[in-house]
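Please read the structure below before turning to the comments.
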Amino acid sequence: MIRNIVSSGALALMVGSCLLIGCDEDSVEGRVCSSADPCGDGFVCVRAADEVSRCMARCDGLTMCSDGSACLELTSGTQSVCWLGGTTPVGETCEGNLECVRAARCVRFGADDAPVCAPVCDPTDSDTMCGADETCTPLENAGGACHGA
């Protein structure tokens, strides 16, 4: 199985202090949020890659959200969000999921390979969004990542 790389403690550090704040009806994904300006129903206020707390949609822990972004777990199985993305492009080396651009995760495809940001995909969906020379490779802990054939 292919390993999904989550750097130790990175997710916990990135979760903003307003993670479990109340809701209002004016929420927009990616909007700046705080305890004084919380996210709406279905959203969580999370410290994003730019170090600013932003509203991100909750998701069910599957690899992909309906908008194509990566569904990433914030804490040990208690909550997942549609991650807005980091700055490391697909194909570049990474140390954890939070570094990768939207719709990608940090994956080590082989035991001797360095982990790289790879597009997320659903290995159970024949219409997956991998490139022509790629296949959707199942990950060890759920979902998949596009990998060159």
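The values are calculated or read from the model by the stated rules, or taken from the named source; none is laboratory data. Quick caveat, the model's predicted, so the values are computed rather than measured. Backbone-built Cβ (ideal geometry, glycine too); neighbour counts: all protein chains shown. Ligands, DNA and RNA are excluded from the accessible area calculation, which covers all protein heavy atoms including side chains. Shrake-Rupley method; radii C 1.70, N 1.55, O 1.52, S 1.80 Å.
Details
- Of all residues making up the stretch 55-81, the number that are over 17 Å from LEU139 (Cβ atoms), at pLDDT 85 or above and not small (Gly, Ala, Ser): 4
- Subset tally (residues that are outside any loop (DSSP other than H, G, I, E, B) and aliphatic (A, V, I, L, M)) for the stretch 86-104: 2
- Candidates in the stretch 82-99 are the residues that are touching a Gly at 6+ places or on another chain (Cβ under 7 Å) and under 21 Å from PHE43 (Cβ atoms); of these, the one that is modelled with the highest pLDDT is LEU84.
- Among the residues of the stretch 25-54, those identified as within 18 Å of the chain's Cα centre (by Cα), among the charged types (D, E, K, R) and either modelled with pLDDT of 85 or more or not in a loop (DSSP other than H, G, I, E, B) (or both) are GLU29, ARG31, ARG47, GLU51, ARG54.
- Selection of the stretch 105-138 for residues being assigned to a loop (DSSP other than H, G, I, E, B), open to solvent by less than 30 Å² (accessible area, probe 1.4 Å) and touching a residue at least 24 places away in the same chain (Cβ under 8 Å) yields only PRO115.
- Count - residues of the stretch 96-137 that are touching a helix residue (DSSP H, G or I) at 6+ places or on another chain (Cβ under 8 Å) and farther than 21 Å from ASP67 by Cα: 1
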